[in-house]
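**Q** Would you mind keeping the following structure in view while I ask a few things?
Every number here is computed from the coordinates shown, using simple stated rules; none is lab data. If you're wondering where the values come from, they're calculated on a predicted model, not measured in any experiment. Here the Cβ is made from the backbone with ideal geometry for all residues, glycine too, and neighbour counts use every protein chain on show.
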Amino acid sequence: MTDPATITAELTAYLTEASCSDTPLMADTDLLATGLVDSLMMTDLVHHVESRYGVRLDAEDLRPKNFRTPRVLAELVAQKSRLAAPAPR
């Protein structure tokens with residue numbers, strides 16, 4: 001799956017549920033400034049992304065800028081998915 005819009009929607013729904021928020025998150029909600037993603041949630045989110053989308057987030061990917069918003073994280077996931085996909089024949 002490499003469509004950033006679909007990934008953004010799925011991550012937003014996941015984060016809304018995981019945070020037990022009464023207010024749905026938006027694609028550009030600042031997850032760090034709002035405190036929705038802390039170190040424990042970051043661990044859960046990395047596990048979710050790797051298992052759901054079949055990508056591997058390397059140490060250099062685990063920077064605050066990549067987890068700022070659901071949209072930014074989705075773009076990273078989409079990029080990783082495209083890089084991991086086999087070349088068309």
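**Q** If I ask for residues that are exposed (fewer than 14 other Cβ atoms within 10 Å of the Cβ) and either within 16 Å of Ala13 (Cα to Cα) or in contact with an Asp or Glu (Cβ under 9 Å, 6 or more places away or on another chain) (or both), which ones from the range 52-71 would you list?
**A** Arg56
**Q** Would you please name the residue that is farthest from Val77 (Cα to Cα), looking only at residues in the range 8-38 that are β-branched (Val, Ile, Thr) and free of Cβ contacts under 8 Å to residues at least 24 places away in the same chain?
**A** Ranking the qualifying residues of the range 8-38, first place goes to Thr23.
**Q** Write out, first by first residue and then by second, each pair whose Cβ atoms fall under 7 Å of each other, whose residues are 6+ apart or on separate chains, and whose first residue, in the range 39-68, is part of a loop (DSSP other than H, G, I, E, B) while the second is basic (Lys, Arg) and surrounded by 10 or more Cβ atoms within 10 Å (Cβ to Cβ).
**A** Qualifying pairs under 7 Å: Val55/Lys80.
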